[in-house]
Amino acid sequence: MRVIASSLRKGNIVEIDGKLGVIMAVENIHPGKGTPVTQMDVRRIADGVKVSLRYKTTDQVERAFVEDRKHQYMYQDSDGFHFMNMDSYDQVSVPADIIGDAAAYLQPEMEVTISLHEGTPVAIEIAPRATLEVTETEPTMKGQTASSSYKPALLSNGVRTMVPPFVTTGTRIVVNTDDGSYIERAKD
């Protein structure tokens, strides 16, 4: 299916020179003068090579047909990450390079969307937010205000992030799974 380049988003599967690739990052650039362009970083599925592509925003790009299915995360071993189809109870093994940075946020029984192309997993989408516990952070200094600088913290999944001064060790917070940034204190 051919679509215009400006309609593509992160996680979409495209066909470039007869090879499938998953879009890792996409940016629409509208310069003051000249033609608007769409810049995208694509990881080829077959060999894992990352390529940078640039199209005019009105250029047609071949978008591959993929089937998105809900799966539940089960466990990880040397073969990769294992998921179970919620409808048929079939198990799927997804290699670590397809999971990427999302691996840190996978939790047992978490529901994810796996994109399959001809039965082969090509991309994964996890929830945009995750609730984690702060396992280590600096104590709050007297005189610091909530609007001042953030302080470093280590989360229960091993990811480091910056949190507001009022967050202490043991506090549960909500983070953005795309970049690991602090969103809010968990309401539980």
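The values are calculated or read from the model by the stated rules, or taken from the named source; none is laboratory data. Please read these numbers as outputs of a predicted model, since none were measured by experiment. Ideal geometry is used to build each Cβ from the backbone, glycine not excepted, and the neighbour counts take in all protein chains shown. Keep in mind that these areas ignore ligands, DNA and RNA; they rest on the heavy atoms of the full protein, side chains included. Shrake-Rupley method; radii C 1.70, N 1.55, O 1.52, S 1.80 Å.
Quick one: how many residues across the range 129-187 are among the aliphatic types (A, V, I, L, M), modelled with pLDDT of 85 or more and open to solvent by 10 Å² or more (accessible area, probe 1.4 Å)?
Final tally of qualifying residues: 6.
Do you know which residues across the range 50-66 are over 19 Å from Lys19 (Cβ atoms) and in a strand (DSSP E or B)?
The one that is over 19 Å from Lys19 (Cβ atoms) and in a strand (DSSP E or B): Lys56.
Would you mind stating whether Ser88 is of a type in the set (S, T, N, Q), open to solvent by 80 Å² or more (accessible area, probe 1.4 Å) and within 21 Å of Val112 (Cβ to Cβ)? Let's see the steps before the verdict.
On the way: of a type in the set (S, T, N, Q): yes; open to solvent by 80 Å² or more (accessible area, probe 1.4 Å): no; within 21 Å of Val112 (Cβ to Cβ): yes.
No, not satisfied.
Is it the case, given these coordinates, that Arg69 is more than 28 Å from Ile29 (Cβ to Cβ) and touching a residue at least 40 places away in the same chain (Cβ under 8 Å)?
So Arg69 fits the description; yes.
Given the condition farther than 29 Å from Ala104 by Cα, open to solvent by less than 80 Å² (accessible area, probe 1.4 Å) and either in contact with a Gly (Cβ under 8 Å, 6 or more places away or on another chain) or modelled with pLDDT under 85 (or both), answer yes or no: does some residue in the range 20-35 qualify?
no
May I ask you to verify whether Tyr75 is surrounded by 15 or more Cβ atoms within 10 Å (Cβ to Cβ) and either part of a strand (DSSP E or B) or among the aliphatic types (A, V, I, L, M) (or both)?
no
Tally up the residues in the range 3-18 that are out of contact with any Ser or Thr (no Cβ under 8 Å at 6 or more places or on another chain) and at pLDDT 85 or above, please. Before you say what the answer is, go through the steps one by one.
First, the residues of the range 3-18 that are out of contact with any Ser or Thr (no Cβ under 8 Å at 6 or more places or on another chain): 3, 7, 9-10, 12, 14-18.
Restricting the remaining residues to those that are at pLDDT 85 or above gives 3, 7, 14-15.
Here the count works out to 4.
Among Asp41, Asp47, which is the only one that is assigned to a loop (DSSP other than H, G, I, E, B), open to solvent by 50 Å² or more (accessible area, probe 1.4 Å) and acidic (Asp, Glu)?
Just one listed residue meets the conditions, Asp47.
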